[in-house]
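Comments concern the structure below.
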Amino acid sequence: MAEQKLTKEQMEAKAAQPGIDAMKLHPFYQGKVEVVPRCIVRDFSDFAIWYTPGVAKPCLDIRDNPEKVFEHTNKSNFVAVISDGTRVLGLGDIGPEAGMPVMEGKALLFKYLGGVDAFPICLDEKDPEKIIEICLALQPTFGGFNLEDFSQPKCFHILDTLREKAHIPVWHDDQQGTAAIIFAGLYNSVKFVNKVLDKVKIVLVGAGAANIRAAHVMHKGGVPWENIVLVDSKGTLHKGRTELQDGFKEKWELCQLTNGDNVVGDIETAMRGADVVIAASRPGPGVIKPAWVSQMAKDSIVMPCANPVPEIWPWEAKEAGARIVATGRSDFPNQVNNSLGFPGIFRGTLDVMATTITDEMCIAAAIELAKVAEDKGLREDYIIPSMDEWEVYPREAVAVGLKAIEQGVARKKYSRDELMKIAEAKIRHAREETALLMKEGFIKPAPKE
């Protein structure tokens, strides 16, 4: 039986429903993550092992052999989700407290999808140098940092400095995470419409952290610089944008590298004749007009990724002639969302105890993510897997771990089979633990309507 097509009003109502449900369930649960023991507590005498006096022995062992911290503690699976709340989702500078629901949600996804123990850390500090200082001071506790929702341009400086100075992997999900998933969606979309990655013309609407890093990842993945055009709030990036020379080095660099045809103009001008448009700008709808999609090349690909509302509604883009449409939302087909990337990428990074997360590791994850969908058969409404396809995460983890070993940034070396067993075991543990807590009532059932 064919699926009934929803009306525009029904689709808009569907898009609004997650927010309605969120306002009911957030106060009901009062948080999304908590700390639970992972060691046995047979009786109270066990606390002499886990705490004083017994704990002194592993403490002294770590003092004498610092690397033993990974053996005696869970440091290698601890990730800090760090934010100052200055650019939360599409909501802007709403502050660290208001950012907590997002960081808790991130920690939940880390655990359930990747088996990673993540902690939300929202900082009441906006000075980038002090944020860097705080992060460096937190290193003894964590196996990695996930930077989240920092405003630009300081997000670039914070990431670059921490990647240089920290001795644990540092990742900015709004940069590397978004870029990796965008590349996976692009990789399969181009393949599906029978075009070639190094020939397509790509327009990136928005020249913030996500699209700037996406441009670099696309180039490393095979897209020539001259085939990429970025558009910010003032228009296309091109060599004549000299006002960026002093104030925004990342944009100015792309002015020199991209836009081989020297397109000068607005979003509409840039999109004319383009094969692909990827938007990571401000929430819509209306940022991208249907008429502009109509002027794109045949079999066009449109990815409006803003949250919570995409720059153009997917049904509007399809009606305007787009062949493939993807958004950042889980309630529409083809979700191009970071949740498909960071849990598996961190799983692989932590399992080999990598010292950093390189662009090549991100590309390896993106290509493996794309292959999961290709293995099942690509369709217009399935160019990238969904979050409920659990095999995505161990497969990404293996790809990332192997690339880290190949690049010489892994402290531990495993075979492909060994990495798969490690990742599957940790992810299964997280999912089965959650299922058991729900079954036994330790996680309360959601209230009925």
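Its relative contact order, with pairs defined as Cα atoms under 8 Å and 6+ residues apart, puts the chain at 14 percent. Summary of the geometry: region 24-64 and region 231-283, compared by the centres of their Cα atoms, lie 51 Å apart.
Build a GNM of the chain with springs between Cα atoms under 10 Å: which of 210, 280, 56 gets the top mean-square fluctuation? Of 210, 280, 56, the Gaussian network model singles out 56 as fluctuating most. Annotation: amide H of residue 118 within the under-5 Å range of 79, 111, sequence separation 5 or more or interchain, hydrogens built in the peptide plane. Place a point 7 Å from the Cα of residue 71 along the Cα-to-Cβ direction; which residues of region 346-363 have their backbone N under 17 Å from it? In region 346-363, the label zone of residue 71 (backbone N under 17 Å from the point 7 Å along Cα→Cβ) covers 353. Taking label positions 7 Å along the Cα-Cβ direction at both residue 160 and residue 434, the computed distance is 3.7 nm, reported to one decimal. Three semi-axes describe the equivalent ellipsoid of the chain; taken as square roots of 5 times the Cα gyration tensor eigenvalues and ordered largest first, they are 38, 26, 21 Å.
By the count of neighbouring beta-carbon atoms within 10 Å, fewest first, 359, 266 end up ordered 266, 359.
Stokes-Einstein at 4 °C, 1.567 mPa s, Kirkwood radius from Cα pairs: D for region 29-174 in µm² s⁻¹? Diffusion coefficient, whole number: 78 µm²/s. Extending 7 Å from the Cα toward the beta-carbon at both residue 98 and residue 10 defines two label points whose distance is 3.5 nm.
Which value in nm describes the separation of the simple spin-label points at residue 425 and residue 57, placed 7 Å from the Cα toward the beta carbon? Taking the two extended label points, one gets 2.3 nm. Listed by number, the DSSP H helices of the chain that run 24 Å or longer by alpha-carbon position along their axis and have mean Kyte hydropathy of at least 0.0 are 96-114, 359-376. Near residue 307, the amide H atoms lying under 5 Å from its own belong to 90; only residues 5 or more places off or on other chains count, and H is placed 1.01 Å from N. From least to most packed, judged by other beta carbons within 10 angstrom and beginning with the fewest, 42, 272, 241 follow the order 42, 272, 241. Of all segments of the chain bounded by chymotrypsin sites (Phe, Trp or Tyr not before Pro) found in a DSSP loop with no more than 16 other C-beta atoms within 10 Å, the longest spans 52-389. Packing here is the average count of other Cβ atoms within 10 Å per residue, and on that basis the peptides 13-22, 361-370, highest first, run 361-370, 13-22. Taking a straight line from the alpha carbon of residue 413, these lysines sit under 30 Å away, with near neighbours fewer than eight places off in the same chain left out: 57, 68, 75, 106, 111, 165, 220, 371, 403, 421, 426.
With neighbours defined as other Cβ atoms within 10 Å of a residue's Cβ, the residues 316, 418 order from fewest to most as 418, 316. Fully extending the segment from residue 319 to residue 239 would add 25.3 nm, taking 0.36 nm per residue of separation and subtracting the current Cα-Cα distance. Charge tally around residue 173: other residues with Cβ under 9 Å, Lys/Arg +1 each, Asp/Glu -1 each, net -2.
Read-outs: derived from the displayed coordinates by stated rules, not from any lab. Quantities reported herein were computed from a predicted structural model and do not represent experimental measurements. No Cβ is skipped: glycine too gets one built from the backbone with ideal geometry, and neighbour counts run over all protein chains shown.
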